[in-house]
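K.L.:
I am attaching a structure below and will ask some questions about it afterwards.
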């Protein structure tokens, strides 16, 4: 059975929106800002993926996009308002990110300095997604200061920004595109 049967509802014309827990909140609330940042991050990753990354990178990006939808669903249910199981993200997902980050670090080697974002279109897109990820993490942390948020969400986002950085390096390396180091003068 379809879950989304109508796109335009006009329910948000008053500046509020529905949450998955049945409640309504203002569109400028911290919760909606955090959910929106996750949505923007997912779109930025989709844009990077459109640049035909290496197969393993593409697989990771699809998995991450699914994880981000799960995180958004988790944020759309406020503490104490969950009915039934509800969405959750297994901590193993974060641990999987950590393992691939370590593996890629061994393959890529150490950096002598900060990198200038860029390179191939895919790598540049991944670097952009990394910055959106860092902002999304900040929005979630800001929400967590006033409302209950699963600790797994900011932890996952913190690891994801590292993964996106490493995947950008992978894409540049696969294309034999040299990394541009920051010239700190």
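The numbers here are math on the coordinates, done by the rules we state, and not lab data. What you see is a predicted model, and the numbers here were worked out from it, not measured in a lab. Counting neighbours? That spans all protein chains shown, and the Cβs are built from the backbone with ideal geometry, glycine included.
K.L.:
Using a 10 Å cut-off on Cβ atoms, rank the peptides 63-72, 105-114, 139-148 from the highest mean neighbour count down.
P.N.:
Going from most to least packed, we get 63-72, 139-148, 105-114.
K.L.:
Quick one: which of 165-172, 149-156, 16-23, 118-125 comes out on top by average Cβ neighbours within 10 Å, and what's the full order, highest first?
P.N.:
Peptide ranking by packing, descending: 165-172, 118-125, 149-156, 16-23.
K.L.:
Same structure, new question: Based on the Cβ-Cβ distance of residue 180 and residue 96, what FRET efficiency does E = 1/(1 + (r/R0)^6) give at R0 = 45 Å, to the nearest 0.05?
P.N.:
Here the calculated transfer efficiency is 0.90.
K.L.:
Checking the a/c ratio against 1.5 first, then a/b against b/c, what shape does the Cα gyration tensor give for the range 47-141?
P.N.:
Here the range 47-141 falls in the prolate category.
K.L.:
What is the calculated FRET efficiency for residue 111 to residue 79, with r their C-beta to C-beta distance and R₀ = 41 Å, to the nearest 0.05?
P.N.:
0.55
K.L.:
From the square roots a ≥ b ≥ c of the eigenvalues of the alpha-carbon gyration tensor of the range 19-66, which class results: rounded (a/c under 1.5), prolate (a/b over b/c), or oblate?
P.N.:
In terms of gyration-tensor shape, prolate.
K.L.:
Grab the beta carbon distance between residue 65 and residue 135, set R0 = 30 Å, and tell me the FRET efficiency rounded to 0.05.
P.N.:
0.95
K.L.:
How far is helix 55-75 tilted, in degrees, relative to the longest principal axis of the Cα atoms in the chain, given as a value from 0 to 90 rounded to the nearest 10?
P.N.:
That helix lies at roughly 30 degrees to the long axis.
K.L.:
Using label points projected 7 Å from each Cα along Cα→Cβ, tell me how many nm separate residue 29 and residue 158, to one decimal.
P.N.:
Between residue 29 and residue 158, the label points sit 2.6 nm apart.
K.L.:
Here is a follow-up. I want to verify the translational diffusion coefficient of the chain in µm²/s; compute it with Stokes-Einstein, Rh as the Kirkwood radius over Cα pairs, at 4 °C and 1.567 mPa s.
P.N.:
In µm²/s, the coefficient is 73.
K.L.:
To test your reading of the geometry: what angle, between 0 and 90 degrees and rounded to tens, separates the Cα axis of helix 152-174 from the longest principal axis of the chain?
P.N.:
30
K.L.:
Can you sort 31, 134 by how many other beta carbons sit within 10 Å, fewest first?
P.N.:
134, 31
K.L.:
Calculate how steeply helix 121-144 sits against the longest principal axis of the alpha-carbon atoms of the chain, using the helix alpha-carbon long axis, and give the answer as 0 to 90 degrees to the nearest 10.
P.N.:
So the helix axis and the longest Cα principal axis differ by about 40 degrees.
K.L.:
Label the range 94-141 by shape, choosing from rounded, prolate and oblate, from the square roots a ≥ b ≥ c of the eigenvalues of the Cα gyration tensor; if a/c is under 1.5 it is rounded, and otherwise prolate applies when a/b is larger than b/c, oblate when it is not.
P.N.:
Cα axes put the range 94-141 in the oblate bin.
K.L.:
Length gain on complete extension for the stretch residue 43 to residue 18, per 0.36 nm per residue less the alpha carbon to alpha carbon distance?
P.N.:
Stretched out fully, the residue 43 to residue 18 stretch lengthens by 6.9 nm.
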